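Enquirer: Structure provided below as structure tokens; questions to follow.
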Amino acid sequence: MPRPHIDQAAGLRNMNQPTPTRVIAVTSGKGGVGKTNVSVNLAVSLAESGKQVMLMDADLGLANVDVMLGLHPEYDLSHVIDGERTLEEIIVDGPAGLQIVPASSGTKAMAELGPMQHAGVIRAFSELSQQLDVLIVDTAAGIADSVVSFTRAAQEVVVVVCDEPASITDAYALIKVLSREYGVQRFRVLANMAHSAQEGRELFSKISRVTERYLDVTLDFMGAVPYDDYLRKAVKRQKAVVDAYPRSRAAMAFRNLSQKAGNWPIPSGAAGHLEFFVERLIQSTNGQMEIQP
């Protein structure tokens, strides 16, 4: 009599296990390149496509995700770190069902947190019970401790650049530090505020040529978001451009980019260091092993 590939109990266990959450860190070497705008619009676009999405404001001392979306959270990550609230208690609802983890603004102590406190924040996400398809982490600009901690704990790293010499130089410096000192080997480059598709591709080529010569990393061109006045109008209205002006060039670009991101490989297992939702990665791997014949 042939042995069944999976027994009923194992099947039920597999159904109850949370699926891995794709974690995308959005970062940049330089401020002022539109990184948070990219994070917000990617998150809203993914949520509008039907995915369960959470956006974490990881610029701990100078948060502005809530400002960009016209939200007024009562609590933020500073209350979690102080032990006053759980992570679940500070989450606020955004457009299209997006869940947002707000941070504080103008709080020096939050900007000066060390790696141990950052690790505590990352571990706090394991306490969340809800199913999530994607977590987008909007990091601070530069190469501060928080950027390193949160970027290394993600599976995908998106580096936002624009057509400024300082943006290219600082993006390269960020990639260099993350790869040589922390073992991050793959990056996806997004050209923002590009005046043409060719300009976006040329920006990627500039970084790619230098990294190929000096670093052992893999760079992928994620795409470009065009310079669009509707993006500025959306910011003034404190809305995502994909929500306020869905037919604008920028909105269409963000939807295309979110579709790409939604098709990236789902994490297949833990990487061996501190990660967001690491328990879900381990449980998923164990569940796949259980159902093998």
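The values are calculated or read from the model by the stated rules, or taken from the named source; none is laboratory data. This structure is a prediction, so every number in the text was calculated from the model and none was measured. Methodologically, a virtual Cβ is constructed for each residue, glycine included, from the backbone with ideal geometry; neighbour enumeration extends over all protein chains shown. Accessible surface areas use protein heavy atoms only, side chains included; no ligands, DNA or RNA. Shrake-Rupley method; radii C 1.70, N 1.55, O 1.52, S 1.80 Å.
Enquirer: Within the range 16-57, track down each residue that is in a helix (DSSP H, G or I) and surrounded by fewer than 21 Cβ atoms within 10 Å (Cβ to Cβ).
Expert: N16, E48
Enquirer: Mind checking whether some residue in the range 108-116 is closer than 27 Å to P20 by Cα and either among the basic types (K, R) or modelled with pLDDT under 95 (or both)?
Expert: Step one: of the range 108-116, the residues closer than 27 Å to P20 by Cα are 115-116.
Still in the list and also either among the basic types (K, R) or modelled with pLDDT under 95 (or both): 115-116.
Yes.
Enquirer: Any residue in the range 207-232 that is closer than 25 Å to N263 by Cβ sitting within a Cβ distance under 6 Å of a residue that is among the basic types (K, R)? List the pairs, counting only those 6 or more apart or interchain.
Expert: From residues that are closer than 25 Å to N263 by Cβ, the pairs are T218/R186; D220/R188; M222/R188; P226/R249; D228/R249.
Enquirer: Tell me whether the range 149-162 contains one or more residues that are surrounded by 24 or more Cβ atoms within 10 Å (Cβ to Cβ), over 12 Å from the mean Cα position of the chain (by Cα) and assigned to a helix (DSSP H, G or I).
Expert: no
Enquirer: In the range 238-260, what residues are touching a residue at least 60 places away in the same chain (Cβ under 8 Å), surrounded by 14 or more Cβ atoms within 10 Å (Cβ to Cβ) and not in a helix (DSSP H, G or I)?
Expert: Matches in the range 238-260: K239, A240.
Enquirer: Let me ask you something else. Of the residues that sit in the range 79-102 and are assigned to a strand (DSSP E or B) and not polar (S, T, N, Q), which one is surrounded by the fewest Cβ atoms within 10 Å (Cβ to Cβ)? Spell out the reasoning first.
Expert: Looking only at the range 79-102, we keep the residues that are assigned to a strand (DSSP E or B), and these are 92-93, 99-101.
Restricting the remaining residues to those that are not polar (S, T, N, Q) gives 92-93, 100-101.
Working: V92: 18, D93: 10, I100: 25, V101: 27.
Filtering first and then ranking leaves D93.
Enquirer: Quick one: I207 ticks every box in (1) open to solvent by less than 90 Å² (accessible area, probe 1.4 Å); (2) out of contact with any Asp or Glu (no Cβ under 9 Å at 6 or more places or on another chain); (3) under 25 Å from G50 (Cβ atoms) except a single one, so which number is it?
Expert: All conditions pass for I207, except number (3).
Enquirer: Pairs needed: first member in the range 174-203, assigned to a loop (DSSP other than H, G, I, E, B); second member anywhere, aromatic (F, W, Y) and at pLDDT 95 or above; C-beta distance under 9 Å; at least 6 residues apart or different chains.
Expert: H195/Y227
Enquirer: A follow-up question, please. Does R237 meet the test of being under 19 Å from T36 (Cα atoms), in contact with an Asp or Glu (Cβ under 6 Å, 6 or more places away or on another chain) and among the charged types (D, E, K, R)?
Expert: Details: under 19 Å from T36 (Cα atoms): yes; in contact with an Asp or Glu (Cβ under 6 Å, 6 or more places away or on another chain): no; among the charged types (D, E, K, R): yes.
When the stated conditions are applied, R237 does not pass them.
Enquirer: Mind checking which residues of the range 210-230 are farther than 18 Å from V26 by Cα, of a type in the set (S, T, N, Q) and open to solvent by 30 Å² or more (accessible area, probe 1.4 Å)?
Expert: None; the set is empty.
Enquirer: Here are T36, T19: which of them is touching a helix residue (DSSP H, G or I) at 6+ places or on another chain (Cβ under 9 Å) and modelled with pLDDT of 90 or more?
Expert: T36
Enquirer: Residue check, L62 against (1) under 27 Å from L203 (Cβ atoms); (2) open to solvent by 70 Å² or more (accessible area, probe 1.4 Å); (3) at pLDDT 95 or above, all met but one. Which one?
Expert: Looking at each condition in turn, L62 falls short on (3).
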